[in-house]
Amino acid sequence: MTDSTRVDRLTRFLTKVLSGKPELKNEKNFVQFLEAICVQSDAPSCMDQLIAGNGLRFVQRAMHSDLSISFLNGLATDLLVYLQKPEIQTVSSGQYLEKTILAIVDPPIFWTAYTNALKAKELSESAQRSFAWLLLQLLTLPSETTSPYLSVAEAVLPVFSGSPIPYLRDLGHKIKKAIAVMTAPPVPAAGGDVQPGGQHDNDFADFRQIAILPTANELASTHPPFLRPSSALNNPSTEQNREALYLDNQFRLMREDMIHEMHEELQIVLGKQKGRKHRNLVIEGVKLVGVDLGEQSKRKTWGMVFQCAEDFPQLKGKTDEQRKKYWRDKESAKILKNGSLTCLMVDGDVVAFPSVRRDEVELAKNPPQLVLEMEGQLSITTLLLRLESAKKVKLIQIDVALFSYDPILNALKRIKTLPLSEELLFWKEGQLLGSPDHPVSLSNTTCLFDQNPRQDIQNLLQISKSIVLDGTQAESLLCGLAQNISIIQGPSGTGKSFIGALLAKFLHQYSDQKILVVCYTNHALDQFLEDLLDMFSPERLNVLLSRARNAIIIIGNSNTFTQARKGKELWQQLLQLLREQQHVYHGFPVKCEGHPDRVALLQTEDQFDTECPDGGCSEPCGVMLSCGQHTCPLKCHKLPDHSKMACQHTIPSQCPKGHDKSRKCSDADIPTCKKCDRKQKAAEARQQKEFARRKKLQEDEAEHSRRVAQVEEGRRLEEQTLRDLQLKQDRDNALSQKQQDLQSLKDRIDQLRTSASKVAPPSPQQTPVQAPKSASSPTSKKGTGTVINPAANSPSATPPSGSTGSSSLSTPSARPSPKSSTLKSPTLRKTQPTLWNQLQADKAATKLEEELRKAEQEILEACRQEEERQRAKELALAQARKRYFLRKQELKRQREENARKLREKHEAELKAKREAEEQARKREEKVQKKLREMGVCPRGYQWIKQSYGYRCAGGSHFVSHAELSQRELQHIREEEARRARERREAELKARCEAEEKARKKEAQAQQKLRSMGICVAGFQWIKSHDGYRCAGGSHFVSDAQLGL
């Protein structure tokens, strides 16, 4: 089979695979598919077909189908070599190459095997080159985060840096530079202490983490921005990280220019800066009323709909048609221009910086509604949380050209290396500049010119004009062709622009690379193009022609140019040329790629929707969708593979409760309906509300009981204290009364003693009277004696009855008899009252002393009892205080225990919630990874979860849960197939090793048998069950004899 026939066969096979038939099922199909890619001569067209026809999924499966060393060194390396073609790297600014590389290495099945083979030194030289190139591409992929392949690069860097192959050493040097940029530590500014990061919530050491738009905290920060002076960038001590520092500084400088303009605008609006007025729109009292995703057939980026509190003054009193017409007029084009930047202030704080999506239908409503778009999950979350409790929301339109900053800042965050860094940052005097990688034709032409710089370059450039350069001009032209960077300087009129035009002609003539010409002024561009095109360019025709990349579409009245006073001759020639080649139409010509015979000339806006509504012609697509029941509802469109297109046909049904419902055919048939879901959610909400109410009621009751118990305990203690005080007062009163009684007794005794001491003692002349002797007298035998009545001492004592004015003496044992004679002695009559009073006084004193002693004893006993009662009271009070303290401690312990249990419960709930969120996050990451692997959305939008599946952020693609389950099942089957294939390969390898061992053993046996010379006829020896027998059958040698 000739090469052309093989190429044609593989091309037909590739076309069929990309159209969906046949399906790649076995290893042979995968090999044929990869071979078909590698033989395509038009690499950009091949890549376009792969991406448009869902071919990246087949590339991924083919690269995962075989992980053997022979495949890695063979077909896998061939594909990587094919991807290294320069024309592929320039298609769509490298996006096609980026998508293809990511499809190969993610998931890292092939990448892991490729890396392990390199570490085991099993890759060939060509495979090592491809590995180094692939690793460099992965490290330099546009991304705002650190590359996940950094660890692999650091591990294998010594393999390339120490390689004897110059190409590998050069790639190793580039990989080392990329690693240095990604791992550069934060370097402080000149002065030493000020480092990037930490000044506010949007200041990070890694500039790739800084959001493009500022935050409210950043605008309110009083710290100056972190900016490095040029001396810090050129410091020899930072040479190792100079490339990373330049990227960091360029980002911070440009972003600071943008923020400065925004800050000035806000200061003017808030009245903090005077000098000029804010000329843009300020809307007070807006509120969030919904979200907007565009129409069902044409989804747009997710946006929030805000409603104005009042109508715009210029729209008051106008009808609906007049309002719509106002927003369509050119006069209002600058009001809320599409993509213009705004600022949302919530309660006086700057919260977010959304951009305007100009929707004239929403703006024409009364009151008007605005659609605002935002990026960044954190910013959106913060805004929604603030809006939930907002009292005053203000929208301010900011006059800042964000579109001129945003693409460049995002590009600086994504790039990992700085082009021409060796020449711009690390070049030193005397060092040779690098040479560009020119095509062979351009290199040969440069060599020819270098051999004779003074020659006429008319033939080299194939122009009609003779050009001979002088020495300095020729040297400048050679430098521009042979060096990566050149600077041509000189006075006016020395030919600088002319040399630039010659460089552009050489590059255009001998290469297919794009040429970018940058000038400070349009006049300089005119001069350059005049030298390049050898013509004058009036009416800005040169600018028009220089702006075109793929085509020029001019819409308008051609008479405006052909009848102009200046330059009409040139425009007439251009338009005449276009008419001759049939490139002038009275409308917009279109042709259907699916039906080449269908053409149309679009002259009105409505014809776009009627003639080519979905990108093709008006013919229905009619392709059967994956559901097998419905056809594609769209008109002709460019989507060869409908297997991943979700069927949007509506299927009516009923839920188990009899409610009518409908679903999309691609959505899973869930048993409930929206009405059931609403009822269930309402019931759950009621249960949650009732649970919260009961929980609050229980907490209030528990708190009330605690407070009542605390108050009751305090009241009881106060009552006990009051009773104790009253008892003490009573006891004190009783004791005081006793003391008063005692004191009165003492006073009486003293009085009596005083009165007794005043009585005169008897005179010496008074002799005692002897009583008459009587048998009955007890003193008759003892002589004379006196008997004194103690009662006479009493003040109230009176003489005994029967005495008349005189006292009579009688013995205490007997009354005086009637017969006894009365003492008639005057001396006795005088002494009788004195003795009687003395006796009475002594008796009273003795009695009072006895009463005093008893009173003292009672008082002592009362004091003792009072002390005992006081001690008992103090003991009871101490016990009560102890009980109160213990009760208080017990209540405190119970509260702490309840708080601990509640805290543990909350922590357990929080832990369970976090675990559930982590599991959900992992499931979501797994689903997002599956969705990326499926490649349904070619633009790579983030997938947003919905009730029955996932929809991309762009809104154009949908994947149901059923499709994801099928994908998971397919992944499991592929994994099982891979494992089975690995087992078969292992078994095959073991069988081959066993066969090789048996073959070697057989060869050794045959060699030994031939050396033994047993069979003289030289017959072949044949293996039997326990030895060898010659083919003639006459000789036999056992295994034991052979030593096997």
Accessible surface of region 585-728 [probe 1.4 Å, protein heavy atoms]: carbon and sulfur percent: 54
For region 231-242, what does the Karplus curve 6.51 cos²θ - 1.76 cosθ + 1.60, with θ = phi - 60°, yield as ³J(HN,Hα) per residue in whole Hz, taken in order and with x for Gly and Pro? 5, 6, 6, 9, 5, x, 5, 9, 4, 5, 10, 4
Förster-model FRET efficiency, 51 Å R0, K929 and K696, C-beta, rounded to 0.05: 0.70
Dividing the helical contributions, -39500 (n - 2.57) per DSSP H run of n ≥ 4, by the residues of the chain yields a 222 nm value, nearest 500 deg cm²/dmol, of -17500 deg cm²/dmol
Expressed as a whole-number percentage, the relative contact order of the chain with C-alpha contacts under 8 angstrom and at least six residues apart is 6
On full extension of the chain, what length is gained from I487 through S653, given 0.36 nm per residue of separation minus the C-alpha to C-alpha distance? 52.3 nm
Pull up all non-local amide H partners of H957: gap of 5 or more, or a different chain, and H-to-H distance under 5 Å with H placed in the peptide plane. C952
Stokes-Einstein D in µm²/s, Kirkwood radius over Cα pairs - the chain at 10 °C with 1.306 mPa s viscosity: 38
Order the following by accessible area, largest value first: L387, L344. Probe radius 1.4 Å; ligands, DNA and RNA are ignored. L387, L344
Note down the accessible area of F561, probe 1.4 Å, to the nearest 10 Å². 70
Taking a cut-off of 26 Å between Cα atoms, list the lysines near K176, but don't count ones fewer than 8 places away on the same chain. K85, K99, K119, K121, K413, K416, K428
Fraction of accessible area attributable to carbon and sulfur, region 160-269 (%, probe 1.4 Å): 52
Charge dipole of the chain about the Cα centre (unit charges at C-beta), most positive-ward option of T11, Q894, L529: Q894
Residues whose placed amide H lies under 5 Å from that of R598, excluding near-sequence neighbours: C592
Find how much the distance from Q462 to S1011 grows on full extension, using 0.36 nm per residue of separation minus their present alpha carbon separation; answer in nm with one decimal. 189.8 nm
Between Q970 and R921, what is the FRET efficiency for a Förster distance of 22 Å, r being their Cβ-Cβ separation, to the nearest 0.05? 0.40
Can you flag which of K365/K661; K738/K843; K681/K905; K664/K930 are past 27 Å Cα-Cα? K365/K661
Classify region 438-493 as rounded, prolate or oblate, taking a ≥ b ≥ c as the square roots of the eigenvalues of its Cα gyration tensor: rounded when a/c is under 1.5, otherwise prolate if a/b is larger than b/c and oblate if not. oblate
Can you give the extra length, in nm with one decimal, that the chain gains between K1000 and E982 once fully stretched, where that is 0.36 nm per residue apart less the Cα-Cα distance? 3.8 nm
Longer than 25 Å from Cα to Cα, which of K674/K945; K298/K337; K728/K888 are they? Say none if no pair is. K728/K888
For region 375-381, Karplus-derived ³J(HN,Hα) couplings (6.51, -1.76, 1.60; θ = phi - 60°; whole Hz; x for glycine and proline) come out as 10, x, 5, 5, 5, 5, 4
For the chain, what is the accessible area per residue in Å², given a 1.4 Å probe and the full set of protein chains? 63
Within the accessible area of region 360-478 (1.4 Å probe), percent carbon and sulfur: 53
Calc'd 3J(HN,Hα), region 991-997, phi into Karplus 6.51 cos²θ - 1.76 cosθ + 1.60 (θ = phi - 60°), Hz, glycine/Pro = x, comes to 5, 5, 5, 5, 5, 5, 5
With every protein chain kept in the model, how would you rank D106, D724 by accessible area, 1.4 Å probe, largest at the top? D106, D724
Straight-line reach from K392: which lysines have Cα under 18 Å away, leaving out those fewer than 8 places along the same chain? K287
Between Q89 and R991, what FRET efficiency comes out of the Förster formula 1/(1 + (r/R0)^6) with R0 = 45 Å and r the beta carbon distance, rounded to 0.05? 0.50
At 1.4 Å probe size, put V39, V468 in order of accessible surface, largest to smallest. V468, V39
Inter-label distance for K892 and T631, nm, one decimal - labels placed 7 Å from Cα along Cα-to-Cβ: 8.5
In square angstrom, rounded to the nearest 10, how much accessible surface does D700 have for a 1.4 Å probe? 70
Straight-line reach from K568: which aspartates and glutamates have a Cα under 20 Å away, not including same-chain ones fewer than 8 places off? D526, E530, D534, E539, E580
Solvent accessible area, Å² - H263, 1.4 Å probe, full protein context: 70
Helix 55-65: inclination vs the chain longest Cα principal axis, degrees, rounded to 10, gives 80
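The values are calculated or read from the model by the stated rules, or taken from the named source; none is laboratory data. Remember, predicted model here, so these are calculated numbers, not experimental data. Methodologically, a virtual Cβ is constructed for each residue, glycine included, from the backbone with ideal geometry; neighbour enumeration extends over all protein chains shown. Protein only, heavy atoms only, side chains kept; ligands, DNA and RNA dropped before computing areas. Shrake-Rupley method; radii C 1.70, N 1.55, O 1.52, S 1.80 Å.
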